[in-house]
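First up is the structure itself, then whatever we jot down about it.
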Amino acid sequence: MEYTLEKMEEKHALGMLDIFNHYVEHSFAAYPERPLPREAAGLLLKKAEGYPAYVALDDAGTVAGFGFLHAHLPLPTFRRTAEITYFLRPDACGCGIGSKMLDLLLRDGRERGISVVLASISGKNEGSIAFHRRHGFVECGRFRNIGLKRGEMFDVVWMQKTLD
């Protein structure tokens, strides 16, 4: 299947929420314990406002994934630092979409003046940790057993990549 990347828009919000909620229900990749309601679809768009944000669309025009940068802390002191968030439908993983989206987000982040990108990753999400390592991110912190989801404790791993 072919995938195209385009700028994130409001029309993509429900498809993005469906993907996010899949990971809420079936993994530790998304931190909430319960799926977000349909009314929350715009929250992902709002979080990405003013930052690079893209969706991956499949041949049918359906959202197969999304990714965006967002403020680490909304203070001028941290204006050169952003966090990255992305999720792909399980059937779209391993096709190179994540790498293409990451490259695009990092390029646009550089153009926006971002010099450091942070990723907050569940310690149970070994695939994401390995993906980030392959793309030049390094572990810069690990908060042990700070998450509790479905009765299981988990670490939160922070990784970073310097763009300069």
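Identify the residue in segment 54-84 that is touching a residue at least 40 places away in the same chain (Cβ under 8 Å) and among the hydroxyl-bearing types (Ser, Thr, Tyr) and, among all such residues, is surrounded by the most Cβ atoms within 10 Å (Cβ to Cβ).
Tyr54
Would you be able to say whether some residue in segment 87-105 is in a strand (DSSP E or B), within 22 Å of Leu5 (Cα to Cα) and not acidic (Asp, Glu)?
The answer is yes; a qualifying residue exists.
Can you name the condition, by its number, that Ala13 falls short on among (1) closer than 26 Å to Ile146 by Cβ; (2) in a helix (DSSP H, G or I); (3) at pLDDT 95 or above; (4) of a type in the set (Gly, Ala, Ser)?
(1)
Quick one: which of Leu45, Leu88 is at pLDDT 95 or above and surrounded by 13 or more Cβ atoms within 10 Å (Cβ to Cβ)?
Leu88
Out of the residues in segment 124-150 that are buried (at least 17 other Cβ atoms within 10 Å of the Cβ) and without any contact (Cβ under 8 Å) to a residue 60 or more places away in the chain, which is farthest from the chain's Cα centre (by Cα)?
Applying the filter and picking the extreme gives Phe137.
Return the residues of segment 109-164 that are farther than 23 Å from Arg80 by Cα, among the charged types (D, E, K, R) and part of a loop (DSSP other than H, G, I, E, B); say none if nothing qualifies.
If the condition is that a residue be farther than 23 Å from Arg80 by Cα, among the charged types (D, E, K, R) and part of a loop (DSSP other than H, G, I, E, B), then Lys124, Arg150 are the ones that fit.
The values are calculated or read from the model by the stated rules, or taken from the named source; none is laboratory data. All of these numbers come straight from a predicted model, not from anything done at the bench. Cβ: placed from backbone, ideal geometry, glycine included. Neighbour counts: every protein chain shown.
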